[in-house]
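Step one of this worksheet: look at the structure below.
The values are calculated or read from the model by the stated rules, or taken from the named source; none is laboratory data. None of these values were measured; they are calculated from a predicted model. So basically every Cβ, Gly included, is an ideal-geometry build from the backbone, and we count neighbours across all protein chains shown. The protein model used for the area step is the full one, side chains on, heavy atoms only, and it has no ligands, DNA or RNA in it. Shrake-Rupley method; radii C 1.70, N 1.55, O 1.52, S 1.80 Å.
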Amino acid sequence: MSTSKLLTKLTESTFTGKLFAFRNMSVVSSKTLLYKEYGEPFNVLECQTDQVNKPEANQVIVKWLLSPVNPADINTIQGKYPSKPTLPAVPGNEGVGEIVALGLNVQNLQVGDRVVPNASNIGTWRTKGIYKSEDVMKIPKDIGTVEASMLNVNPCTAYRMLKDFVPLNSGDTVIQNGGNSAVGQLVTQLCKIWNFQNVSVVRDRPDISDLKCQLKEMGATEVLTEAELRKTDLFKSKKLPQPKLALNCVGGQNALEVLRQLGHGGVMVTYGGMSREPVTVPTSALIFKDVSVKGFWMTAWNKKNLNSKDRTDMYEELAKYFKDKKLIAPPYKIIPFSNYKEAIENALNLDGKQGLKYILDLEKN
């Protein structure tokens, strides 16, 4: 057989294989959580079975494997989050899935590929869904399934805040509150990887010694309670350099005490407000210390940088850290999809003291 005929046969075979996956995929059912109006999750969420039709051109069908439940998901259902999907909507912004069917003209994806969301509000709290091919992103299969399921939000948030606001060098200090939160734990680990000093502030609790040990094993240089932060001499004594960067997810008095530790020209980045209290900035900090106060929202960054090299490089680097076990997932609990109310209740009751993330197992429904 000539080379040209062989190439033609291989091309036809490849195309036929894709077409076979498209034409012979029967209509499948999907168990789905849905809300038709904004409100409290227990009041507005409905569990139903939907039919997923064959994918059209440039579409894929994803079988979701795991999907975390985040406070932002709850706020979205309540209608309190700035990013509002068109109703009716399926919740869930994070998750890892597997491509099970392709429509025509889909490039760079194959049946069996592992994917994560590549757009906002695509709805991952369901067993299967149909999407535009560009709304999901292929990831390496050698990342753990749990780590892959939570790749989109917390690791990326930690990564960007450490990269984008202050040029940090080896030995520089980063201070953060919410040190035991999912983002806080990832910030601590990235600081260790990049050789930054990390001071984590946490709320006091009966098992504070155990928590301090856990965070220090993770890479924290120092772990302080809010009361200890108010009287610390870590920076005045020059035991550690004054922080160049402060990360705030609490607000209120806690954020004020963190901001007071910043060195001249330091930056505080707010990415959350667990206390629901405003961030207060002393006039003297602005005038005499030239402190800057900024905000960060991962969703907005993604929209602005969707196809950028910075975003591609970030995912590749984070994936490698997880693969090499330099990054580990924050504590989590995997529960069957049918127990979703337990996960929602946990997210509603977070008080800043619990670093446990609930993940829906969508294959157990």
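Quick notes on this structure:
- Considering (1) basic (Lys, Arg); (2) farther than 17 Å from residue 140 by Cβ; (3) modelled with pLDDT of 90 or more, the lone condition that residue 323 does not fulfil carries the number (2).
- Remark: pairs (first residue in segment 217-246, open to solvent by 60 Å² or more (accessible area, probe 1.4 Å); second residue not polar (S, T, N, Q); Cβ separation under 6 Å; 6+ apart in sequence or on different chains) = 230/257; 242/235; 242/263; 244/166; 244/172; 244/266.
- The residues of segment 138-178 that are in a loop (DSSP other than H, G, I, E, B) and among the hydrophobic types (A, V, I, L, M, F, W, C), listed by number, are 143, 150, 151, 153, 165, 166, 168.
- Check on residue 360, surrounded by 13 or more Cβ atoms within 10 Å (Cβ to Cβ) and either part of a loop (DSSP other than H, G, I, E, B) or of a type in the set (Asp, Glu) (or both): no
- No other residue among 152, 177 is buried (at least 19 other Cβ atoms within 10 Å of the Cβ), farther than 13 Å from residue 222 by Cα and not charged (D, E, K, R) apart from 152.
- Residue match in segment 343-355 (condition: in contact with a strand residue (DSSP E or B) (Cβ under 7 Å, 6 or more places away or on another chain), among the basic types (Lys, Arg) and not in a helix (DSSP H, G or I)): no
- Flag for residue 256 being farther than 22 Å from residue 149 by Cβ, open to solvent by less than 30 Å² (accessible area, probe 1.4 Å), touching a strand residue (DSSP E or B) at 6+ places or on another chain (Cβ under 6 Å) and in contact (Cβ under 8 Å) with a residue 12 or more places away in the chain: no
- All of (1) open to solvent by 30 Å² or more (accessible area, probe 1.4 Å); (2) touching an Asp or Glu at 6+ places or on another chain (Cβ under 7 Å) hold for residue 134 with one exception: (2).
- Evaluation of residue 269 against the conditions (1) surrounded by fewer than 13 Cβ atoms within 10 Å (Cβ to Cβ); (2) of a type in the set (A, V, I, L, M, F, W, C); (3) touching a Lys or Arg at 6+ places or on another chain (Cβ under 6 Å) shows that the sole unmet condition is (1).
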